[in-house]
Amino acid sequence: MKLYHYSKCSTCRKAIKYLEAKGATYQPVDIVQTPPAQAELKRMLGYVDGEVKKLFNTAGEMYRELGLKDKVGAMKPAEAIRLLAQHGKLIKRPFLLADAGGAVGFKEAEWEALLG
């Protein structure tokens, strides 16, 4: 299982505490230094029912700076995936890829359902 996170993100820290409390084995990856690859982003897109906007950190500074609020809805999935793969700060985090699926953001009930 791979967890993309940002060390300054309080939600990411909660997710890490959750995984550690469950005794889960995971590979931590700094989402800013090493954003998910396009293949991983496409995989996650399938887990969020193809809704590209769910992959974006819509509350982030870079999202606002690039004026993506009005652009994301019109983007083709491939275009959005390329953009996200280049800029980890644009990706909603934490970003968890597990054998059985994936999750963006941290909602304990969703993670419990995914990880059991």
message: Cut-off 11 Å, label point 7 angstrom out along Cα-to-Cβ of Tyr18: give me the residues of the stretch 56-98 whose amide nitrogen falls inside.
response: 94-96
Distance cut-off 18 Å, percentage of C-alpha pairs in the stretch 68-116 lying past it: 43
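So what is the relative contact order for the stretch 65-116, in percent, with contacts set as C-alpha pairs under 8 Å and at least six apart?
Numbers: 27 pairs, mean separation 10.0, N = 52.
Result for the stretch 65-116 is 19 percent.
Just to confirm the filter: which trypsin sites (Lys or Arg not before Pro) across the stretch 68-98 are DSSP coil and have at most 14 other Cβ within 10 angstrom of their Cβ? Kindly include the intermediate steps, with their values, before the conclusion.
On the way: sites: Lys69, Lys71, Arg82, Lys89, Lys92; in loops: Lys71, Lys92.
Passing sites in the stretch 68-98 are Lys71.
Looking at this model, which pairs from Lys22/Lys54; Lys22/Lys53; Lys8/Lys92 are more than 23 angstrom apart at the alpha-carbon? Show your work: numbers first, answer last.
Working: Lys22/Lys54 26 Å; Lys22/Lys53 30 Å; Lys8/Lys92 14 Å.
Where the Cα-Cα span goes over 23 Å, the pairs concerned are Lys22/Lys54; Lys22/Lys53.
Nothing charged except the Cβ atoms of Lys and Arg (+1) and of Asp and Glu (-1): what's the magnitude of the dipole of the chain about its Cα centre? Round to the nearest 20 debye.
Numbers: 19 positive and 13 negative charges, 49 e Å.
Value, rounded to 20: 240 debye.
Taking the stretch 3-105, which GluC sites (Glu not before Pro) meet the DSSP loop condition and have no more than 11 other C-beta atoms within 10 Å?
Working: sites: Glu20, Glu40, Glu51, Glu61, Glu65, Glu79; in loops: Glu51.
Those that pass, being in a loop and sparsely packed, are Glu51.
Compute the semi-axes of the equivalent ellipsoid of the stretch 2-115, taking the square root of 5 times each eigenvalue of the Cα gyration tensor, and list them largest first in whole Å. Write out the running numbers ahead of the final one.
Numbers: eigenvalues 107, 45, 29 Å².
Here the semi-axes work out to 23, 15, 12 Å.
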statement: Taking the stretch 1-63, the whole-percent share of alpha-carbon pairs separated by over 18 angstrom is 44
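If each residue of separation counts as 0.36 nm, what is the full-extension length gain between Met75 and Lys2 once their alpha-carbon separation is subtracted? Let's see the in-between values first.
Values: separation 73, 0.36 × 73 = 26.28 nm, distance 2.69 nm.
Extra length available between Met75 and Lys2 comes to 23.6 nm.
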- request: Count the net charge of all other residues whose Cβ sits under 13 Å from the Cβ of Ala21, scoring Lys and Arg as +1 and Asp and Glu as -1.
  value: +1
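Roughly speaking, what is the stretch gain from Glu65 to Gln38, that is 0.36 nm per residue apart minus the C-alpha to C-alpha distance, in nm to one decimal?
Numbers: separation 27, 0.36 × 27 = 9.72 nm, distance 2.25 nm.
Here the answer is 7.5 nm.
Relative contact order for the chain: what is it in percent, counting Cα pairs under 8 Å that are at least 6 residues apart?
Details: 152 pairs, mean separation 40.4, N = 116.
Relative contact order here is 35 percent.
No lab work stands behind these numbers, since they all come straight from the coordinates. Bear in mind that the values here come from a model prediction, so they are computed numbers and not experimental data. In this analysis, Cβ positions are derived from the backbone assuming ideal geometry, glycine residues included, and neighbour counts consider all displayed protein chains.
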